[in-house]
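Some notes on the structure that comes next.
The values are calculated or read from the model by the stated rules, or taken from the named source; none is laboratory data. Owing to the predicted nature of the structure, the values given are computational and were not obtained by experimental measurement. Cβ atoms come from the backbone with ideal geometry, glycine included; neighbour counts cover every protein chain shown. Only protein heavy atoms, including side chains, enter the accessible area calculation; ligands, DNA and RNA are left aside. Shrake-Rupley method; radii C 1.70, N 1.55, O 1.52, S 1.80 Å.
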Amino acid sequence: MQFFAYRENVISSTWNRPAPEAPGPDERMDGIALGRRLRHLRKSKGLTLEELGAAVGTVPSQLSLIENGKREPKLGMLQSLAKALGVTIDALLGEAEPPSRRAALEIELERAQRGPLYESLGLPKVRISSRLPMDVLESLVGLQAELERRLNEQIATPEEARRANTELRMMMRERNNYFPEYERAAQEVLDSVGHTAGPLSQHVIADIAAHLGFSLHHVNDLPHSTRSVTDLKNKRIYLTQSQQSDHDPRSVLLQALGHYVLQHETPQSYGEFLSQRVATNYFAAALLLPEKATVEFLQRAKAAKEIAVEDIRDAFAVSYETAAHRFTNLATEHLGIPTHFQKVHKSGIVYKAYENDGVTFPADHTGAIEGQPICRYWTSREVFNVPDQFSAFNQYTDTPAGTYWCTARTERSSAGLFSLSIGVPYAHVKWFRGRETQERSKSTCPDPSCCRVPPQQLAAEWSGNAWPSARAHSHLLAALPPGAFPGVDETEVYSFLQAHSER
Ligand SMILES: [Zn+2]
């Protein structure tokens, strides 16, 4: 593997590739099986295609199509054929007796050789005849079946993806979302370019790339499924020239470098792909908000009882999301504050979440919280109803797990309006700016009567009289495409690298 293609929002609509249009295996096999039986019966009667055709009133080419399994005969034709061959329709359809092992294998091989998988291998087709040895037949069919099984295994199902996400979140929670190994890696890189304080400028980041031996290339034809492409052969990093990205270009570059610094290998599973993504995100954040400087900043704020995510954002010139997320890395380890983080779409659906403070997120049967609706009385939802979208919105929320104080704000991206929030248990609110808020809310979720089912009076009025057409959350339900870098078009990436390395 000679490249890294980096994409953050892997769970997105581009993963929703349509399945190829093809008849189901059963349908296909029936036609093939019928054709083979027909040919066998015709030959055993010593009839040519012309002779049988004449007997049933059709042309030889039509009969040939049926024998090759490429056309399904109508019932009338089946009856004529059965009559002409002196067998019952059941015998012709193969329902009278099970096929022999050899016949079953021949049918199976025929089916496989005509399928899209075999087609994609570009191998010659084996002529299936009675001269094909039985062991060869067994082996070819066995190999096909195994190849198919392994490919199916590689396609991560949405359920597998959700499980992988859940496992990762559990691990992050166990470690209080603090990873000293990534902090160290980031610190070494900062030391190598002599960066000691202040926001990380584009210039310093270019120095970091150069120090690691990479040249940077801004292009206008970056493959659309990627945010950056790293050519490991020539040590080049390709980035987009477009200014329209939702992402901080510094983060994109730092994440690309992260794969190299953290010595990532091509991921072998969706779970590994996810954990590499977490690692490079962490690494990039640890460079933009270095541990030492950020902890000092937070400790001063804590001493003054003035902790605020906006201040972190402004001091280090990062996005609110990056600042809030970075807070979760350091809050428990260095400040002794358990916390939770949420990124929630305006529709109320969770995109990202983390907690180690006992707050109860909604979860599905696999334990996954991504894609679940958040209680409408939580700060992360109430913030959408606040007219002032430019200040932080703070609120106390009583929940069955205790009272939490949360601070939230909204940010717009190309995927829509999102709220970003962090929260802490009541006992820790004394360290935060905004604790004097009068906003208070009560949530009894996951009790359905909290906000999941409509109030009785409203239900009585409208139940049975509403037919909403649901907007599909395809990004969360779509089957994940196979490949080491899910959702990334490898052909596109290779062609891109080929074209650029020749320039
Ligand atoms: Zn609720």
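Can you work out which of the residues in the stretch 60-73 that are aliphatic (A, V, I, L, M) and open to solvent by less than 50 Å² (accessible area, probe 1.4 Å) is nearest to I32 (Cα to Cα)? Selected residue: I66. Give just the number: which of (1) open to solvent by less than 30 Å² (accessible area, probe 1.4 Å); (2) closer than 30 Å to A256 by Cα does E106 not satisfy? Only one criterion is unmet by E106, namely (2). Go through the residues of the stretch 334-357 one by one and say whether even a single one is part of a helix (DSSP H, G or I) and more than 21 Å from the chain's Cα centre (by Cα). Scanning the stretch 334-357 turns up at least one residue that is part of a helix (DSSP H, G or I) and more than 21 Å from the chain's Cα centre (by Cα). Give the residue that is nearest to the ligand (Cβ to nearest atom), with candidates limited to residues of the stretch 409-436 that are open to solvent by 70 Å² or more (accessible area, probe 1.4 Å) and in contact (Cβ under 8 Å) with a residue 40 or more places away in the chain. The selected residue is R435.
Quick check on L257: is it open to solvent by 10 Å² or more (accessible area, probe 1.4 Å), out of contact with any Pro (no Cβ under 7 Å at 6 or more places or on another chain) and in contact (Cβ under 8 Å) with a residue 40 or more places away in the chain? Taking the combined requirement at face value, the residue does not satisfy it. With respect to the stated conditions, V318 is hydrophobic (A, V, I, L, M, F, W, C), more than 16 Å from the ligand (Cβ to nearest atom) and crowded, with 18+ Cβ neighbours inside 10 Å.
Quick check, is G358 farther than 23 Å from V386 by Cα and in the same structural domain as T403 (by TED's automatic domain parsing)? So G358 fits the description; yes.
Look through the stretch 373-408, keep the residues that are β-branched (V, I, T) and away from the ligand (no atom under 16 Å from the Cβ), and return whichever of them is modelled with the lowest pLDDT. It comes out as V386. When the stretch 74-97 is filtered for residues that are free of Cβ contacts under 8 Å to residues at least 24 places away in the same chain and either in contact with a Cys (Cβ under 7 Å, 6 or more places away or on another chain) or surrounded by 16 or more Cβ atoms within 10 Å (Cβ to Cβ) (or both), the ones remaining, listed by number, are M77, L78, A82.
Candidates are the residues of the stretch 112-152 that are modelled with pLDDT of 85 or more, of a type in the set (D, E, K, R) and more than 28 Å from the chain's Cα centre (by Cα); the one that is least open to solvent (accessible area, probe 1.4 Å) is E138. Considering only residues in the stretch 351-372 that are without any contact (Cβ under 8 Å) to a residue 60 or more places away in the chain and within 13 Å of the ligand (Cβ to nearest atom), the one that is surrounded by the fewest Cβ atoms within 10 Å (Cβ to Cβ) turns out to be Q372. Pairs meeting the criteria (first residue in the stretch 437-463 and assigned to a loop (DSSP other than H, G, I, E, B), second residue near the ligand (Cβ under 8 Å from one of its atoms) and open to solvent by 90 Å² or more (accessible area, probe 1.4 Å), beta carbons under 6 Å, at least 6 apart or on different chains) are C451/R376. The residue that is surrounded by the fewest Cβ atoms within 10 Å (Cβ to Cβ), counting only those in the stretch 282-305 that are more than 20 Å from A186 (Cα to Cα) and touching a strand residue (DSSP E or B) at 6+ places or on another chain (Cβ under 8 Å), is K305.
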